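Asker: Attaching a single structure in structure tokens format; questions to follow.
The values are calculated or read from the model by the stated rules, or taken from the named source; none is laboratory data. Only a predicted model underlies this, so the values are computations on that prediction, with no experimental measurement involved. So basically every Cβ, Gly included, is an ideal-geometry build from the backbone, and we count neighbours across all protein chains shown. Just the protein is used for accessible areas: all its heavy atoms, side chains included, with ligands, DNA and RNA removed. Shrake-Rupley method; radii C 1.70, N 1.55, O 1.52, S 1.80 Å.
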Amino acid sequence: MKRTPFLSVLPVLLALLSACARPAAEPDPLPPVEAEELPSVQELAGAVLPVSGKGDALEVESLNREVDGERLAAYIEAVCGLTGERWEDAAVIRGTGASAFEIVVLRLEDGEAAEALEPVLADYLAAREGAFAGYAPAEADLASKGQVRREGRTLGVFICPDPETAAAAFTAACNGEALPAPVEPEPAEEAFTPPFELEDLLHRLLLEAACPEWRTVEKYWSVSEDGKSVYGYWAPDDGNGWTAGGVAELVLEDGRVTQLRTDMEYEVRVYLEDSEEEAQERAAALRRLAKDEEEKYRQRGDGIRTELLASAQAVSAGRYAALIVSDHTEDAVQLFPRIVNDPETGGYFRRYIDGLQPAKPADPDPDYPDRVRFVPPNEEDMSLYDTSAILAAWEKKDPSGLGGDNRAIYDAAEALLAEIMEEGMTGLEKEKAAYDWLVENVDYDWSHQDLLGETARRAFGPYGGLVDRSAVCLGYATSFQLLMDMSGVECITIVGAGNNSIMDHGWNMVRLNGEWYCTDVAWDANARELAGNHVWRYFNLTSGEMAKNHQWDYANTPEATAEDRGTPAAEQ
């Protein structure tokens, strides 16, 4: 509703009052009321787009009231719950599919209504971050940095690579000021920012795999006089005081720990190179070094060191390379690519010095204080597809009684198992084969992240995973569940939540040799699809590891306390 400023009608009131003192005459005409001059929402969205950082490769859809009235109304209601009569106009420019990119300009009837909507839009940014977290981390990060800006009764939402400049352009356009100039992207390769320090990687690799027993050993630190080395002393308590158990030298380059040398038999080295190719070359050089060292110690007659060096391995992942000399070498090699791609590696060294105490969640579960409280979002139909008829037919080796989707699922599963399973496989080998196939061959159905998209129910079950090869999380989980059931591997599907109970989510647990393990096919498939990352981050984790970004009914679900890390076929 437009309001007439008081000052604009004051002369009229004075004229009327003075008219009361003289004979009636023709009243003076009312002065014209100036209309509120505001740029249209389409103009504002158009002004923001060139400075938003949108690359040429990103495809976007534009929505406006004249051309896409119904879709625009549905979109605004999905974003902030406003029905058509509660907003005056809106314009939307959005990415589709696996993109969180979004520019929304919304005009309400007055500034009070716009102010009330600001926190709702801030909550929307958090919801979009949660919708992409796990599935598309880069898009989740984009949403986490999004901005909401209000100018009078006009609001802007900016989820884009440069939200600060986009918001500044919005403000300038609303006030008739000059717009910031578009920033042309530099053709040079984007600078690489290490996600963690090398000492973080070194200590996590050392303490979680190469030498886990050192985690609980007493330690203290001293720095060499030249500032280039840090010495760590470990002294186990034997009941008679402290005795030296080993000395490790952490070699520093540019203030960062790059190597660990020790008079104990274990050795771990990590390197950050300028490219993946150079990291692979470094790993090859480390393998040659280990072979040379093995021969040297063999000639010296040092049997323990020779044996360890004989099983030493060098590995690379991305721009990182490592040499591991340990009797836990295989565990360390399998862990290395995972921790290179895990945000939890950042700050590990500091947490190690402080005693490796995990941060307490903002909303801890009263019975599991290190885990986020599970509150079912209940925004999706997370009911499981009934595979009992398929399994009964599999048991009898007679699918003739199946029809429709069940028969299509059966045929697809039968053909797949014949392709990937071999006689005499262990349960772990069967699990790896099914997991690897699903990660490499099933794409995520990104209509699920689209506010205007309609996701077919088949994507939530094994038809999506095994027949259409396009699924959402529950489709991956139920496909994996069916393959495990048909292969004789004990498996359950967990229906829970992700990212602080923001979104419904489903994954699996398997039981091998009496031990339960947590596994999430969907989130590893997303890493492969979006980033070409074939590292398995969610294969056979403990419940504690899974709880870092998954929530579920902890008390009524088996607890996984062991890890059995796998290696994708692409990395073997």
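Asker: If one computes the Cα centroid of the stretch 498-516 and of the stretch 451-497, what distance in Å separates the two points?
Answerer: 13
Asker: For the residue pair GLU277 and LYS397, what label-to-label distance in nm results when each label sits 7 Å from Cα along the Cα-to-beta-carbon direction?
Answerer: So the label points at GLU277 and LYS397 sit 5.3 nm apart.
Asker: Gain in length, ASP292 to ALA562, computed as 0.36 nm per residue apart minus the alpha-carbon separation, to one decimal in nm?
Answerer: 93.7 nm
Asker: Let me ask something additional. For an R0 of 56 angstrom, estimate the FRET efficiency from the Cβ-Cβ distance between VAL375 and ALA310 and round to the nearest 0.05.
Answerer: Numbers: r = 52 Å, r/R0 = 0.93.
So, using R0 = 56 Å, E works out to roughly 0.60.
Asker: What is the Cα convex hull volume of the stretch 445-494 when expressed per residue in Å³? If you can, show how the numbers build up before the last one.
Answerer: Working: hull volume 3.0 nm³, N = 50.
With only Cα atoms used, the stretch 445-494 gives 59 Å³ per residue.
Asker: Answer rounded, prolate or oblate for the stretch 309-426, using the Cα gyration tensor with square roots of eigenvalues a ≥ b ≥ c: rounded when a/c is under 1.5, else prolate when a/b is larger than b/c, else oblate.
Answerer: Oblate is the answer for the stretch 309-426, as a/c is 1.5 or above yet b/c matches or exceeds a/b.
Asker: What is the stretch 36-100 by shape, rounded, prolate or oblate, if you read a ≥ b ≥ c off the alpha carbon gyration tensor as root eigenvalues and call it rounded for a/c under 1.5, prolate for a/b larger than b/c, and oblate otherwise?
Answerer: oblate
Asker: Once R0 is set to 45 Å, what does the formula 1/(1 + (r/R0)^6) return for the Cβ-Cβ distance between ASP302 and GLU490, expressed as a FRET efficiency to the nearest 0.05?
Answerer: That gives a FRET efficiency of 0.50.
Asker: Read phi for every residue in the stretch 374-379 and hand back ³J(HN,Hα) as whole Hz from Karplus 6.51 cos²θ - 1.76 cosθ + 1.60, θ = phi - 60°, with x for Gly and Pro.
Answerer: 8, 10, x, x, 6, 9
Asker: For GLU563, tell me the accessible area in Å² from a 1.4 Å probe, rounded to the nearest 10.
Answerer: 60
Asker: Be a star and scan the stretch 96-111 for residues whose amide nitrogen sits under 16 Å from the point 7 Å along the Cα-to-Cβ vector of GLU85.
Answerer: 109
Asker: Using the Karplus curve 6.51 cos²θ - 1.76 cosθ + 1.60 with θ = phi - 60°, work out ³J(HN,Hα) for each residue of the stretch 502-511 in order, rounded to whole Hz, and write x for Gly and Pro.
Answerer: So the Karplus estimates, Gly and Pro as x, are 7, 9, 5, 7, x, 8, 10, 10, 10, 10 Hz.
Asker: Here's something else I'd like to know. Could you tell me whether the stretch 401-532 comes out rounded, prolate or oblate from its Cα gyration tensor? Rule is a ≥ b ≥ c as square roots of the eigenvalues, rounded for a/c under 1.5, then prolate if a/b exceeds b/c, otherwise oblate.
Answerer: oblate
Asker: Keeping the other protein chains in place, figure out the carbon and sulfur percent of the accessible area of the stretch 428-556, with a 1.4 Å probe.
Answerer: That fraction is 40 percent.
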